[in-house]
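Undergrad: Following this message is one structure expressed as C-alpha coordinates.
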Amino acid sequence: MQPEATDFELFDVLEPAHQTIPFVYNSPHSGRHYPQEFLESARLDGLEIRRSEDHFVDQLFADAPLRGAPLLKANFPRAFIDVNREPYELDPRMFSGPLPSYANSNSVRVAGGLGTIPRIVAENMEIYQRRLSVEEGLSRIERFYKPYHSCLRRLVARTHAAFGTAILIDCHSMPGNIRISGSGLRPDFIIGDRYGTSASAELTQAALEILGDFGFTAVRNKPYAGGFITEHYGRPGRGLHALQIEINRALYVDEVTLERRPDFALLAEMLSSFIQRMALYAADLRGEGAWAAE
(Lines give C-alpha, C1' and ligand atoms only; values in the text may rest on other atoms or scores of the structure.)
Protein backbone atom coordinates (compact mmCIF):
# COMPACT_ATOMS: atom_id res chain seq x y z
CA MET A 1 0.00 0.00 0.00
CA GLN A 2 1.30 3.47 -0.88
CA PRO A 3 1.81 6.09 1.86
CA GLU A 4 -1.40 7.91 2.74
CA ALA A 5 -2.01 10.94 0.56
CA THR A 6 -3.02 14.18 2.24
CA ASP A 7 -4.88 17.17 0.89
CA PHE A 8 -4.25 19.35 3.96
CA GLU A 9 -1.34 21.05 5.68
CA LEU A 10 0.16 18.66 8.23
CA PHE A 11 0.27 21.34 10.90
CA ASP A 12 -0.11 25.08 11.31
CA VAL A 13 1.91 27.62 13.22
CA LEU A 14 -0.22 30.59 14.23
CA GLU A 15 2.24 33.40 14.85
CA PRO A 16 1.77 36.67 16.71
CA ALA A 17 2.60 39.84 14.83
CA HIS A 18 5.55 40.02 17.21
CA GLN A 19 6.34 37.47 19.90
CA THR A 20 6.26 39.39 23.17
CA ILE A 21 6.22 36.60 25.76
CA PRO A 22 8.52 33.57 26.28
CA PHE A 23 5.74 31.03 25.73
CA VAL A 24 5.03 28.46 23.03
CA TYR A 25 1.59 26.84 22.97
CA ASN A 26 1.23 23.41 21.40
CA SER A 27 -1.86 21.34 20.52
CA PRO A 28 -0.61 17.97 19.22
CA HIS A 29 -3.82 15.93 19.53
CA SER A 30 -6.60 18.16 18.19
CA GLY A 31 -6.13 17.31 14.50
CA ARG A 32 -9.37 16.63 12.65
CA HIS A 33 -8.20 15.75 9.11
CA TYR A 34 -8.26 12.01 8.46
CA PRO A 35 -6.44 10.63 5.38
CA GLN A 36 -8.90 8.68 3.25
CA GLU A 37 -6.68 5.59 3.04
CA PHE A 38 -6.50 5.54 6.82
CA LEU A 39 -10.28 5.67 7.16
CA GLU A 40 -10.65 2.84 4.66
CA SER A 41 -8.21 0.69 6.64
CA ALA A 42 -10.10 1.23 9.92
CA ARG A 43 -12.86 -0.90 11.39
CA LEU A 44 -14.37 2.12 13.18
CA ASP A 45 -16.95 4.55 11.91
CA GLY A 46 -16.39 8.27 11.49
CA LEU A 47 -17.48 9.11 15.03
CA GLU A 48 -15.79 6.22 16.82
CA ILE A 49 -12.40 6.92 15.32
CA ARG A 50 -12.50 10.45 16.74
CA ARG A 51 -12.70 9.26 20.35
CA SER A 52 -9.02 9.90 21.02
CA GLU A 53 -9.01 13.48 19.71
CA ASP A 54 -8.39 16.37 22.05
CA HIS A 55 -11.55 17.89 20.67
CA PHE A 56 -11.20 21.56 19.67
CA VAL A 57 -8.32 22.22 22.08
CA ASP A 58 -6.58 24.26 19.38
CA GLN A 59 -9.64 26.52 19.28
CA LEU A 60 -9.72 26.86 23.06
CA PHE A 61 -6.17 28.27 22.96
CA ALA A 62 -6.63 30.20 19.71
CA ASP A 63 -5.93 33.54 21.44
CA ALA A 64 -2.30 32.62 22.16
CA PRO A 65 -1.01 34.61 19.15
CA LEU A 66 -3.12 37.61 20.18
CA ARG A 67 -1.42 37.40 23.57
CA GLY A 68 2.04 37.32 22.00
CA ALA A 69 2.88 33.61 21.74
CA PRO A 70 2.98 31.19 18.79
CA LEU A 71 0.53 28.29 18.68
CA LEU A 72 1.52 25.07 16.91
CA LYS A 73 -1.32 22.71 16.10
CA ALA A 74 -1.39 19.34 14.36
CA ASN A 75 -3.97 18.86 11.63
CA PHE A 76 -3.50 15.09 11.40
CA PRO A 77 -5.29 13.03 14.08
CA ARG A 78 -3.77 11.32 17.06
CA ALA A 79 -5.35 8.02 15.99
CA PHE A 80 -3.20 8.15 12.84
CA ILE A 81 0.11 9.04 14.51
CA ASP A 82 0.83 10.32 18.00
CA VAL A 83 3.58 12.94 18.25
CA ASN A 84 3.40 12.82 22.06
CA ARG A 85 5.35 9.55 22.02
CA GLU A 86 8.92 8.60 21.32
CA PRO A 87 9.45 8.44 17.55
CA TYR A 88 9.56 4.64 17.44
CA GLU A 89 7.27 3.31 20.17
CA LEU A 90 5.83 0.60 17.95
CA ASP A 91 3.77 -2.51 18.66
CA PRO A 92 5.09 -5.51 16.67
CA ARG A 93 1.62 -7.10 16.79
CA MET A 94 0.37 -4.35 14.47
CA PHE A 95 2.83 -5.03 11.66
CA SER A 96 3.21 -7.75 9.07
CA GLY A 97 7.01 -7.78 9.17
CA PRO A 98 9.82 -7.34 11.70
CA LEU A 99 10.38 -3.90 13.15
CA PRO A 100 13.82 -2.27 13.06
CA SER A 101 16.08 -3.01 16.03
CA TYR A 102 15.84 0.57 17.30
CA ALA A 103 12.06 0.38 17.83
CA ASN A 104 10.91 0.54 21.45
CA SER A 105 8.32 -2.23 21.66
CA ASN A 106 8.37 -2.67 25.42
CA SER A 107 7.01 0.60 26.74
CA VAL A 108 3.92 0.78 28.91
CA ARG A 109 2.26 2.92 26.25
CA VAL A 110 2.84 0.31 23.55
CA ALA A 111 1.45 -2.39 25.85
CA GLY A 112 -1.68 -0.28 26.31
CA GLY A 113 -2.18 0.12 22.56
CA LEU A 114 -1.16 3.78 22.56
CA GLY A 115 2.23 3.85 20.90
CA THR A 116 3.48 6.22 18.21
CA ILE A 117 1.07 4.51 15.81
CA PRO A 118 -1.86 3.68 18.09
CA ARG A 119 -3.61 0.33 17.98
CA ILE A 120 -6.73 1.59 19.76
CA VAL A 121 -8.75 4.69 20.41
CA ALA A 122 -10.41 5.40 23.74
CA GLU A 123 -12.54 2.68 25.34
CA ASN A 124 -10.18 0.01 23.93
CA MET A 125 -11.61 0.19 20.43
CA GLU A 126 -9.31 -1.50 17.89
CA ILE A 127 -8.56 0.76 14.93
CA TYR A 128 -7.39 -1.52 12.13
CA GLN A 129 -8.92 -4.30 10.10
CA ARG A 130 -5.52 -5.68 9.15
CA ARG A 131 -1.86 -5.49 9.99
CA LEU A 132 0.17 -2.62 8.60
CA SER A 133 3.38 -3.00 6.65
CA VAL A 134 6.50 -1.80 8.44
CA GLU A 135 7.06 0.59 5.53
CA GLU A 136 3.69 2.25 6.20
CA GLY A 137 4.56 2.81 9.83
CA LEU A 138 8.03 4.18 9.18
CA SER A 139 6.67 6.41 6.41
CA ARG A 140 4.24 8.07 8.81
CA ILE A 141 7.07 8.79 11.22
CA GLU A 142 9.18 10.36 8.47
CA ARG A 143 6.35 12.33 6.88
CA PHE A 144 4.34 13.47 9.91
CA TYR A 145 6.15 12.94 13.21
CA LYS A 146 9.61 14.26 12.35
CA PRO A 147 8.51 17.48 10.60
CA TYR A 148 6.19 18.27 13.50
CA HIS A 149 8.95 17.96 16.09
CA SER A 150 11.40 19.85 13.90
CA CYS A 151 8.96 22.75 13.91
CA LEU A 152 8.34 22.54 17.64
CA ARG A 153 12.07 22.48 18.36
CA ARG A 154 12.59 25.58 16.23
CA LEU A 155 9.85 27.48 18.03
CA VAL A 156 11.23 26.57 21.47
CA ALA A 157 14.84 27.34 20.45
CA ARG A 158 13.84 30.68 18.91
CA THR A 159 11.94 31.65 22.03
CA HIS A 160 14.82 30.65 24.29
CA ALA A 161 17.28 32.66 22.21
CA ALA A 162 15.05 35.75 22.25
CA PHE A 163 14.04 35.74 25.92
CA GLY A 164 16.65 33.68 27.75
CA THR A 165 13.90 31.25 28.73
CA ALA A 166 11.19 29.28 26.96
CA ILE A 167 7.95 27.96 28.46
CA LEU A 168 6.14 25.30 26.46
CA ILE A 169 2.48 24.76 27.32
CA ASP A 170 1.36 21.41 25.89
CA CYS A 171 -2.43 21.52 25.56
CA HIS A 172 -4.64 18.44 25.88
CA SER A 173 -8.07 17.25 26.99
CA MET A 174 -9.17 14.30 29.12
CA PRO A 175 -12.37 12.27 29.42
CA GLY A 176 -15.07 13.70 31.65
CA ASN A 177 -15.17 10.60 33.86
CA ILE A 178 -11.61 10.97 35.18
CA ARG A 179 -11.46 10.84 38.97
CA ILE A 180 -8.56 11.28 41.40
CA SER A 181 -7.74 7.92 42.91
CA GLY A 182 -8.81 7.59 46.53
CA SER A 183 -10.85 10.79 46.61
CA GLY A 184 -13.47 10.55 43.85
CA LEU A 185 -12.66 14.16 42.95
CA ARG A 186 -13.31 15.04 39.32
CA PRO A 187 -10.75 17.66 38.30
CA ASP A 188 -11.49 20.33 35.74
CA PHE A 189 -7.79 20.67 34.90
CA ILE A 190 -4.63 18.69 35.53
CA ILE A 191 -1.26 20.41 35.30
CA GLY A 192 1.57 17.99 34.57
CA ASP A 193 5.22 18.81 35.20
CA ARG A 194 6.65 15.28 35.31
CA TYR A 195 6.73 15.48 39.11
CA GLY A 196 8.79 18.64 39.13
CA THR A 197 11.34 17.64 36.49
CA SER A 198 9.98 19.50 33.44
CA ALA A 199 9.22 22.95 34.89
CA SER A 200 9.91 25.09 37.91
CA ALA A 201 7.69 24.59 40.93
CA GLU A 202 6.78 28.29 40.82
CA LEU A 203 5.46 28.01 37.28
CA THR A 204 3.38 24.94 38.09
CA GLN A 205 1.95 26.60 41.17
CA ALA A 206 1.10 29.71 39.19
CA ALA A 207 -0.93 27.68 36.69
CA LEU A 208 -2.81 25.91 39.48
CA GLU A 209 -3.56 29.15 41.32
CA ILE A 210 -4.75 30.99 38.21
CA LEU A 211 -7.14 28.19 37.32
CA GLY A 212 -8.31 28.05 40.92
CA ASP A 213 -9.01 31.79 40.82
CA PHE A 214 -11.32 31.14 37.88
CA GLY A 215 -13.28 28.70 40.02
CA PHE A 216 -11.90 25.49 38.51
CA THR A 217 -10.69 22.43 40.37
CA ALA A 218 -7.08 22.04 39.27
CA VAL A 219 -4.66 19.36 40.46
CA ARG A 220 -1.06 18.41 39.75
CA ASN A 221 0.28 15.34 37.93
CA LYS A 222 -2.33 12.72 38.81
CA PRO A 223 -3.36 10.87 36.79
CA TYR A 224 -1.55 12.75 34.00
CA ALA A 225 1.98 13.95 34.70
CA GLY A 226 2.89 14.70 31.10
CA GLY A 227 3.90 12.68 28.07
CA PHE A 228 6.91 12.57 25.79
CA ILE A 229 6.68 16.24 24.80
CA THR A 230 6.69 17.50 28.38
CA GLU A 231 9.49 15.13 29.34
CA HIS A 232 11.59 15.76 26.23
CA TYR A 233 11.38 19.55 26.03
CA GLY A 234 11.41 20.44 29.73
CA ARG A 235 14.89 21.28 31.05
CA PRO A 236 14.31 23.78 33.85
CA GLY A 237 18.00 24.01 34.71
CA ARG A 238 18.61 25.40 31.21
CA GLY A 239 15.65 27.76 31.29
CA LEU A 240 13.44 25.40 29.26
CA HIS A 241 10.14 24.74 31.02
CA ALA A 242 7.33 22.46 29.82
CA LEU A 243 3.90 22.07 31.35
CA GLN A 244 1.09 19.81 30.20
CA ILE A 245 -2.44 21.08 30.70
CA GLU A 246 -5.36 18.65 30.56
CA ILE A 247 -8.89 20.04 30.27
CA ASN A 248 -11.92 18.01 31.28
CA ARG A 249 -13.87 17.57 28.04
CA ALA A 250 -17.20 17.59 29.85
CA LEU A 251 -16.66 21.32 30.42
CA TYR A 252 -17.00 22.18 26.77
CA VAL A 253 -18.01 19.24 24.52
CA ASP A 254 -20.77 16.65 24.42
CA GLU A 255 -18.74 13.45 24.62
CA VAL A 256 -21.40 11.45 22.77
CA THR A 257 -22.00 13.72 19.77
CA LEU A 258 -18.63 15.54 19.99
CA GLU A 259 -20.45 18.83 19.51
CA ARG A 260 -19.29 21.93 21.34
CA ARG A 261 -21.36 22.92 24.39
CA PRO A 262 -22.86 26.41 24.77
CA ASP A 263 -20.15 27.32 27.33
CA PHE A 264 -17.36 26.70 24.82
CA ALA A 265 -16.84 30.40 24.05
CA LEU A 266 -16.76 31.28 27.75
CA LEU A 267 -14.11 28.66 28.44
CA ALA A 268 -12.02 29.92 25.51
CA GLU A 269 -12.29 33.44 26.93
CA MET A 270 -11.12 32.23 30.34
CA LEU A 271 -8.19 30.39 28.78
CA SER A 272 -7.25 33.58 26.94
CA SER A 273 -7.09 35.24 30.35
CA PHE A 274 -5.07 32.27 31.62
CA ILE A 275 -2.49 32.86 28.85
CA GLN A 276 -2.27 36.54 29.78
CA ARG A 277 -1.94 35.90 33.51
CA MET A 278 0.68 33.19 33.02
CA ALA A 279 2.71 35.68 30.97
CA LEU A 280 2.44 38.33 33.68
CA TYR A 281 3.45 35.82 36.33
CA ALA A 282 6.46 34.70 34.30
CA ALA A 283 7.50 38.34 33.84
CA ASP A 284 7.34 38.88 37.60
CA LEU A 285 9.49 35.82 38.23
CA ARG A 286 12.04 36.95 35.67
CA GLY A 287 12.20 40.25 37.46
CA GLU A 288 13.14 38.33 40.61
CA GLY A 289 15.88 36.44 38.74
CA ALA A 290 14.12 33.09 38.90
CA TRP A 291 14.58 32.29 35.20
CA ALA A 292 17.80 31.40 33.42
CA ALA A 293 20.10 34.34 32.84
CA GLU A 294 20.08 35.92 29.41
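Undergrad: I need every pair where a residue in the range 10-35 that is in contact (Cβ under 8 Å) with a residue 40 or more places away in the chain and under 12 Å from Val83 (Cα atoms) has its Cβ under 6 Å from the Cβ of a residue that is acidic (Asp, Glu) and crowded, with 19+ Cβ neighbours inside 10 Å, sequence separation at least 6 or different chains.
TA: Listed by first residue and then by second, the contacts come to Asn26/Asp170; Ser27/Asp58; His29/Asp54; Ser30/Asp54; Ser30/Asp58.
Undergrad: Using the structure shown, decide if Leu240 is farther than 26 Å from Phe76 by Cα, more than 15 Å from the chain's Cα centre (by Cα) and in contact (Cβ under 8 Å) with a residue 24 or more places away in the chain.
TA: When the stated conditions are applied, Leu240 passes them.
Undergrad: When you scan the range 85-107, how many residues do you find that are assigned to a helix (DSSP H, G or I) and in contact (Cβ under 8 Å) with a residue 24 or more places away in the chain?
TA: So the answer is 2.
Undergrad: Among helices (runs of 4 or more DSSP H) lying entirely in the range 194-294, which contain 1 or more residues that are in contact with a Phe, Trp or Tyr (Cβ under 8 Å, 6 or more places away or on another chain)?
TA: 201-213, 264-287
Undergrad: Can you pull out the residues in the range 108-122 that are under 19 Å from the mean Cα position of the chain (by Cα) and outside any strand (DSSP E or B)?
TA: Within the range 108-122, Val108, Arg109, Val110, Gly112, Gly113, Leu114, Gly115, Thr116, Ile117, Pro118, Arg119, Ala122 meet the criteria.
Undergrad: Out of (1) surrounded by fewer than 23 Cβ atoms within 10 Å (Cβ to Cβ); (2) modelled with pLDDT of 95 or more; (3) in a loop (DSSP other than H, G, I, E, B), what's the single condition that is false for Asp7?
TA: So Asp7 meets the others, but not (2).
Undergrad: Let me ask something additional. Taking Pro187 and the conditions (1) buried (at least 20 other Cβ atoms within 10 Å of the Cβ); (2) touching a Lys or Arg at 6+ places or on another chain (Cβ under 8 Å); (3) part of a loop (DSSP other than H, G, I, E, B), which numbered condition does it fall short on, given that it satisfies the others?
TA: For Pro187, the failing item is (2).
Undergrad: Please state which of the following conditions Leu168 fails to meet, knowing it meets all the rest: (1) more than 16 Å from Gly227 (Cα to Cα); (2) not in a loop (DSSP other than H, G, I, E, B).
TA: So the condition that Leu168 fails would be (1).
The values are calculated or read from the model by the stated rules, or taken from the named source; none is laboratory data. If you're wondering where the values come from, they're calculated on a predicted model, not measured in any experiment. Glycine also receives a Cβ, built like all others from the backbone with ideal geometry; neighbour counts cover every protein chain displayed.
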